[in-house]
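Shown next, in structure tokens, is the structure this report addresses.
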């Protein structure tokens, strides 16, 4: 059907934004853009760490608590290094309910809590931490205590608590990444152009997630479009053509127009300090006047800019969540089923080429026209066979629909949309029968669209749902 894009950390006042805005709406120069850190980095997400336990008893009477904490601190330092935008604060050792209550009073200064259950039995000690009401992860490695059995029931009671009962310290890094989502959403501005779909301009969006939507009209788009430096447009055009395996239908002018649209969107995002953009590209946007957004969406997506076609705000929010948690872009799709082979084929005329993230390898691509209209310039992306994927969609601002599969090909069929990701699933019939999980409301976009991401993210999205108070429903 159409287009998408995805975006990285991108809010707060920035020197880059100031320099670009210093040019007004005119003459965005290559020197100005290439010399800036665009978008600017955000302050780190703060996670309050707490160590709970004391000497004596289980797992052994002479456990060296200091050595345990030092070992865990080493893993936390590595997590900070890997994620780059997470800072662990606090670090108190609590051995009584009174100490725990004093520490819990400090949680409001952080974005979440990571508690380490060191010994057994500390139920009364850890209770004030768990009851404080902040998104909390409890790490309980094997032989550290028995209190995990009291924690497992808390999520079912609506508590925002995730239990990590594992010897894999890498899961701490994964959950710390997931804990970025809620605070980053509160720092997010989304540009919206055209008519709305789904929950696009709902006041509940601000209330629920803290996200701000900025409505941009066509006349502003036109002014920026007219101001873009021709040298930038020509360089972008050459880059796209040089990188393609083949350029099939589009003319150079088609690619050039798409490149100008890209630079227009990029300046809009910079001016608004936005992290995402969604455009109703098939619902009134003057494609023939400006050019198609498809290439620009792909480029922004490759850079870590979240954006989505067809003004699909639910997919935009889904892509933001996955970007903040995992650093990967999404591919919005129109799925089709082949139950005879347990295959779901996801198709659209826009896709990122760096599905592993901005620093990952680029998928090969051909430049094609938009298949529904035989106009413009977009991509046929060729995906990595054998790669596990997660298919997801936020719905009604309260439920995440999710499934998993594995890529088995990128069909080159002159039907549907240009980029096609064929995925093998466990039971396509069951997925078809349970499509939407009984919770979807709205029109075709809400019912149809799903977003594809590299990697099996099922458990971490379940954890995200617990930490953010969202339901997670598996389709199929």
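The values are calculated or read from the model by the stated rules, or taken from the named source; none is laboratory data. The structure displayed is predicted, hence computed values, not measured ones. Every residue, glycine among them, receives a Cβ derived from its backbone with ideal geometry; neighbour counts consider all protein chains shown.
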* Asked: Only one residue in 331, 297 is within 12 Å of the chain's Cα centre (by Cα) and crowded, with 24+ Cβ neighbours inside 10 Å, so which one is that?
  -> 331
* Asked: Going by the conditions given, is residue 387 modelled with pLDDT of 95 or more, within 30 Å of residue 245 (Cα to Cα) and in the same structural domain as residue 328 (by TED's automatic domain parsing)?
  -> yes
* Exactly one condition in (1) touching a helix residue (DSSP H, G or I) at 6+ places or on another chain (Cβ under 8 Å); (2) surrounded by fewer than 19 Cβ atoms within 10 Å (Cβ to Cβ); (3) over 17 Å from residue 419 (Cβ atoms) is not met by residue 394; state its number. => (2)
* **Residue match in segment 429-439 (condition: closer than 18 Å to residue 330 by Cβ and buried (at least 16 other Cβ atoms within 10 Å of the Cβ))** => no
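Do we have residue 349 as surrounded by 21 or more Cβ atoms within 10 Å (Cβ to Cβ) and more than 28 Å from residue 291 (Cβ to Cβ) here?
Values: surrounded by 21 or more Cβ atoms within 10 Å (Cβ to Cβ): yes; more than 28 Å from residue 291 (Cβ to Cβ): no.
Spelling it out, it is not the case that residue 349 is surrounded by 21 or more Cβ atoms within 10 Å (Cβ to Cβ) and more than 28 Å from residue 291 (Cβ to Cβ).
Look at residue 288 and say whether it is in contact (Cβ under 8 Å) with a residue 40 or more places away in the chain, under 12 Å from residue 350 (Cα atoms), assigned by TED's automatic domain parsing to the domain that holds residue 368 and surrounded by fewer than 24 Cβ atoms within 10 Å (Cβ to Cβ).
On the way: in contact (Cβ under 8 Å) with a residue 40 or more places away in the chain: yes; under 12 Å from residue 350 (Cα atoms): no; assigned by TED's automatic domain parsing to the domain that holds residue 368: yes; surrounded by fewer than 24 Cβ atoms within 10 Å (Cβ to Cβ): yes.
Judged against the criteria, residue 288 is not a match.
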* Kindly indicate which of 187, 222, 215 is out of contact with any helix residue (DSSP H, G or I) (no Cβ under 6 Å at 6 or more places or on another chain) and either closer than 21 Å to residue 465 by Cα or crowded, with 16+ Cβ neighbours inside 10 Å (or both). => 187
* Asked: In this structure, is residue 304 surrounded by fewer than 22 Cβ atoms within 10 Å (Cβ to Cβ), in the same structural domain as residue 239 (by TED's automatic domain parsing) and touching a residue at least 60 places away in the same chain (Cβ under 8 Å)?
  -> no
* **Residues within segment 145-181 that are farther than 27 Å from residue 63 by Cβ and either surrounded by 15 or more Cβ atoms within 10 Å (Cβ to Cβ) or in the same structural domain as residue 469 (by TED's automatic domain parsing) (or both), tallied** => 8
